[in-house]
1. Select from the range 82-103 the residues that are in contact (Cβ under 8 Å) with a residue 12 or more places away in the chain and in a loop (DSSP other than H, G, I, E, B) and list them in ascending order.
2. Spot the failing condition for residue 190; the list is (1) in contact with a strand residue (DSSP E or B) (Cβ under 8 Å, 6 or more places away or on another chain); (2) free of Cβ contacts under 8 Å to residues at least 24 places away in the same chain; (3) not charged (D, E, K, R), and only one is missed.
3. Quick one: residue 75 ticks every box in (1) touching a strand residue (DSSP E or B) at 6+ places or on another chain (Cβ under 6 Å); (2) not in a loop (DSSP other than H, G, I, E, B) except a single one, so which number is it?
4. With the condition being in contact with a Phe, Trp or Tyr (Cβ under 6 Å, 6 or more places away or on another chain), surrounded by 13 or more Cβ atoms within 10 Å (Cβ to Cβ) and among the charged types (D, E, K, R), I'd like the strands (runs of 3 or more DSSP E) fully within the range 167-238 carrying at least 1 qualifying residues.
5. Considering only the range 130-147, how many residues are part of a loop (DSSP other than H, G, I, E, B) and out of contact with any Lys or Arg (no Cβ under 9 Å at 6 or more places or on another chain)?
6. Which of the residues that make up the range 173-196 are touching a Gly at 6+ places or on another chain (Cβ under 6 Å) and more than 20 Å from residue 244 (Cβ to Cβ)?
7. What is the residue count in the range 253-279 for residues that are modelled with pLDDT under 95 and under 21 Å from the mean Cα position of the chain (by Cα)?
Amino acid sequence: MRQRMSSSAALVVLVLAGLMSLALACREAAAPDVPWAAMQFAPPARFTLWWRLAQACSGTTGDLGSVTWYVVPNTNTLSYQGKQVYAYWMGDPDRIVVADVRRNDGAIIRHEMLHALLHRNGHPRAPFLTSCGGVVACDADCLADAGGYVPPPATAPELQPRDVGTRFEAMSLADVRDTSPVAVMVTITNPRTEPVWVKLAPRESGDFVHFTFGIIVDYDDPERITTLDSDEQGSDRFPLAAGESRRWVWDRTLDRGRYGIRGYFNVDTTARQVISIGQ
C-alpha cells in the first residue's frame with residue numbers, strides 16, 4: 001500500500017530541494033567557468049611586479065587585489081570555450097584561472113593581467129601587440145585576432161642595431177628580506193616613419209644564429225658575471241614597422257645584494273646600471 005507523505009514532510013523536501021537549487025545557482029552565478037577542480041591561491045610577490053609591467057606597457061592602471069586567482073592542479077592546459085588554453089580571464093568579478101604548469105610563466109600571467117586591466121576579451125592590436133608585444137604572450141589565435149605582424153618590404157631601408165635606441169628598465173620590490181623578484185624590460189624603437197629592417201651581426205663569424213634581445217647581470221662588478229641571457233633568431237634581419245617599439249622581458253629572483261645590469265640588442269649594449277636588492 002502506498003504511503004502518503006505528510007504535509008510537514010513534503011515541506012521539508014521542498015525546502016531542501018530549494019536550498020540545493022540555490023547552492024547550485026550560487027556556484028554557477030559566482031564562477032560559471034571556474035573548474036570544480038580549481039583551487040584558489042594568493043598571488044605571490046612576483047605577480048606584483050608582473051602587474052606593474054602590464055600597467056607600464058599598456059598605460060592602464062588597476063587593482064591587483066581585485067583579481068581572484070585559481071590554479072587547476074596537475075594540468076598542462078585548460079578547456080575554455082571549446083579550446084585548449086594555458087589560462088583565461090573572466091570579468092565581473094575579475095577571475096583568472098591558470099593551468100598548473102603555467103602558474104609561474106610570466107608572459108602567460110601578464111597576458112591575463114592585461115585582460116583584467118582592459119576589462120575585455122579579445123586581443124585588440126594596440127595593447128597586445130603595439131604596446132605590450134614581448135611583455136605579454138601572444139599565441140597564434142592572439143596574433144590572428146590582433147592582425148599579426150606585417151613584415152617590411154624586402155627593399156625597405158636597413159638600420160644598424162645602434163640606430164634603434166636600445167634601453168632598459170629594471171624593476172624590483174622594495175620590501176624584501178632575502179630574495180626579490182626582478183624584471184628587466186629591454187626596448188628598441190624604429191626612429192623612422194617608414195618600415196625598416198635591422199641588420200643583425202651573427203653570434204660568431206659564419207654562424208647562422210643571431211642574437212636579438214639580451215641581458216648581462218653581474219655581482220656589482222663587471223668582471224663577475226652571474227647571468228647571460230638572450231633571445232635569438234636564424235634570420236640576419238629584424239623587422240620593425242614605422243615608429244614601432246619592440247620589447248623583451250627577463251624576470252628572475254635575485255638574492256640580496258647589489259647587481260650591475262646591462263641590456264642589449266644584438267651588438268648594441270646599454271650603459272651599466274646598478275640596482276640594490278634588500279639594501
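The values are calculated or read from the model by the stated rules, or taken from the named source; none is laboratory data. Computed from a prediction, not measured in an experiment: that's the story for all the values here. Note: ideal-geometry Cβ built from the backbone for every residue, glycine included; neighbour counts use all protein chains shown.
1. 86, 91, 93, 94, 103
2. Failed condition: (2).
3. Against the list (1) touching a strand residue (DSSP E or B) at 6+ places or on another chain (Cβ under 6 Å); (2) not in a loop (DSSP other than H, G, I, E, B), residue 75 comes up short only on (2).
4. On the way: elements: 167-172, 179-189, 196-199, 210-218, 225-233.
Result: 225-233.
5. In the first step, residues of the range 130-147 are kept if they are part of a loop (DSSP other than H, G, I, E, B); the result is 132, 134-135, 137-139, 147.
Add one more test, that the residue is out of contact with any Lys or Arg (no Cβ under 9 Å at 6 or more places or on another chain), and what stays is 138-139.
Final tally of qualifying residues: 2.
6. Matches in the range 173-196: 176 only.
7. Going through the range 253-279 one residue at a time, the tally reaches 2.
For (1) at pLDDT below 95; (2) within 21 Å of residue 124 (Cβ to Cβ); (3) under 13 Å from the mean Cα position of the chain (by Cα); (4) of a type in the set (D, E, K, R), each residue gets a yes or a no:
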| position | (1), (2), (3), (4) |
| --- | --- |
| 69 | no, no, no, no |
| 73 | no, no, no, no |
| 78 | no, no, no, no |
| 83 | yes, yes, no, yes |
| 88 | no, yes, yes, no |
| 94 | no, yes, no, yes |
| 99 | no, no, no, no |
| 102 | no, no, yes, yes |
| 109 | no, yes, yes, no |
